[in-house]
Amino acid sequence: MKKVAVLVSGGGSNLQALIDAVKAGEIPARISLVISNKPEVYALERAAQAGIPGVVIPTKNRSREEYSRQILDKLQSEEIDLVCLAGFTRILAPLIPQAYPERILNVHPSLLPAFGGEGMYGLRVHQAVLESGTKFTGATVHLVTAETDRGPIVCQDIVKINDDDTPETLARRVLEIEHRIYPQALKILAEGRLKIKGFRTWCQEYYK
Ligand code: GAR
């Protein structure tokens with residue numbers, strides 16, 4: 001059983017999708033820690049309801065190195081195997097992916113590598129997607145490397161953009177995709193079935 005930590009900053013609907021999939025026996029893992037960088041977020045309430053310990057590690061007014069070091073210390077002292085970023089809005093210093101190579105997942109609300117990078121999170125992503133005029137968007141789950149939003153892609157799926165979409169309506173439909181593909185990606189990683197070459201990944205069962 002892999003021990004998983006989930007990092008959050010907000011509502012935690014992706015955290016909930018992971019909790020539900022683990023509870024349903026779909027993923028051979030145990031979510032044993034939730035770390036939030038903000039104290040009053042609903043994600044912490046979700047963790048408490050599921051009986052998962054939640055800790056707050058503030059990022060505000062601290063250097064990236066400083067908060068990342070504290071997060072890494074916590075992950076290591078709890079002997080965490082895999083890490084899921086689920087709506088975590090701060091960038092982690094490279095020391096974390098270096099300590100957890102190919103063992104950290106992130107969910108992003110666009111078809112990466114488009115519309116990613118520093119400062120691209122939440123509704124800002126959907127606003128940029130709409131302004132670009134693209135006809136499709138989607139969600140991506142990828143491995144976290146030192147380069148923001150550019151690690152190997154594990155799962156991805158698309159959403160068609162309607163003429164009357166707003167960032168909010170798009171966010172709702174993309175979120176549904178996120179909730180479906182994030183548990184799939186964690187399952188593949190936890191089962192050790194992910195093959196990686198450069199930016200490409202394969203999982204026999206998923207892509208057959
Ligand atoms: C999700 O849409 C996630 O993809 C996005 O924040 C939202 C968190 O929702 N993350 C990013 O934009 C990261 N760059 P949640 O708290 O309900 O899971």
With respect to Phe115, determine if the residue is at pLDDT 95 or above, more than 10 Å from the ligand (Cβ to nearest atom) and over 21 Å from Ile19 (Cβ atoms).
no
Report, by residue number, each residue of the stretch 154-183 that is more than 15 Å from the ligand (Cβ to nearest atom) and within 12 Å of the chain's Cα centre (by Cα).
none
Given the conditions (1) within 22 Å of Ile27 (Cα to Cα); (2) touching a strand residue (DSSP E or B) at 6+ places or on another chain (Cβ under 8 Å); (3) away from the ligand (no atom under 14 Å from the Cβ), which single one is not true for Ala86?
(3)
May I ask you to say which residue of Arg30, Arg46, Arg62 is under 19 Å from the mean Cα position of the chain (by Cα), under 25 Å from Leu95 (Cα atoms) and of a type in the set (Lys, Arg)?
Arg30
Check Cys203 against each of (1) more than 22 Å from Ala5 (Cα to Cα); (2) modelled with pLDDT of 95 or more; (3) surrounded by 17 or more Cβ atoms within 10 Å (Cβ to Cβ) and name the one condition it does not meet.
(2)
Single residue of Asp157, Asp149 found to be at positive phi, surrounded by 13 or more Cβ atoms within 10 Å (Cβ to Cβ), acidic (Asp, Glu) and in contact (Cβ under 8 Å) with a residue 12 or more places away in the chain
Asp149
Does Ile188 meet the test of being within 13 Å of the chain's Cα centre (by Cα) and buried (at least 16 other Cβ atoms within 10 Å of the Cβ)?
no
If you check Tyr121 against the conditions, is it buried (at least 16 other Cβ atoms within 10 Å of the Cβ), under 27 Å from Leu95 (Cβ atoms) and modelled with pLDDT under 95?
yes
So which pairs qualify, if the first residue must be in the stretch 115-126 and at positive phi and of a type in the set (A, V, I, L, M, F, W, C), the second must be at pLDDT 90 or above and near the ligand (Cβ under 8 Å from one of its atoms), the Cβ gap must be under 6 Å, and the two must be at least 6 apart or on different chains?
Phe115/Val125
Listed residues Glu118, Glu102; which is in a loop (DSSP other than H, G, I, E, B) and either under 25 Å from Lys195 (Cα atoms) or among the aliphatic types (A, V, I, L, M) (or both)?
Glu102
Which residue out of Ile35, Ile52 is within 16 Å of the ligand (Cβ to nearest atom), assigned to a strand (DSSP E or B) and either closer than 25 Å to Ile188 by Cβ or charged (D, E, K, R) (or both)?
Ile35
Filtering the stretch 1-32 down to residues that are without any contact (Cβ under 8 Å) to a residue 60 or more places away in the chain and outside any helix (DSSP H, G or I) yields Met1, Ala24, Gly25, Arg30, Ile31, Ser32
What about Glu131, is it farther than 19 Å from Asn37 by Cβ, without any contact (Cβ under 8 Å) to a residue 12 or more places away in the chain and out of contact with any Pro (no Cβ under 9 Å at 6 or more places or on another chain)?
yes
Tally time: how many residues in the stretch 55-81 are more than 23 Å from Arg30 (Cα to Cα), without any contact (Cβ under 8 Å) to a residue 12 or more places away in the chain and assigned to a helix (DSSP H, G or I)?
1
Would you confirm, using the coordinates I've provided, whether Leu105 is in contact (Cβ under 8 Å) with a residue 40 or more places away in the chain, more than 15 Å from the ligand (Cβ to nearest atom) and under 20 Å from Ala29 (Cα atoms)?
no
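The values are calculated or read from the model by the stated rules, or taken from the named source; none is laboratory data. What you see is a predicted model, and the numbers here were worked out from it, not measured in a lab. Ideal geometry is used to build each Cβ from the backbone, glycine not excepted, and the neighbour counts take in all protein chains shown.
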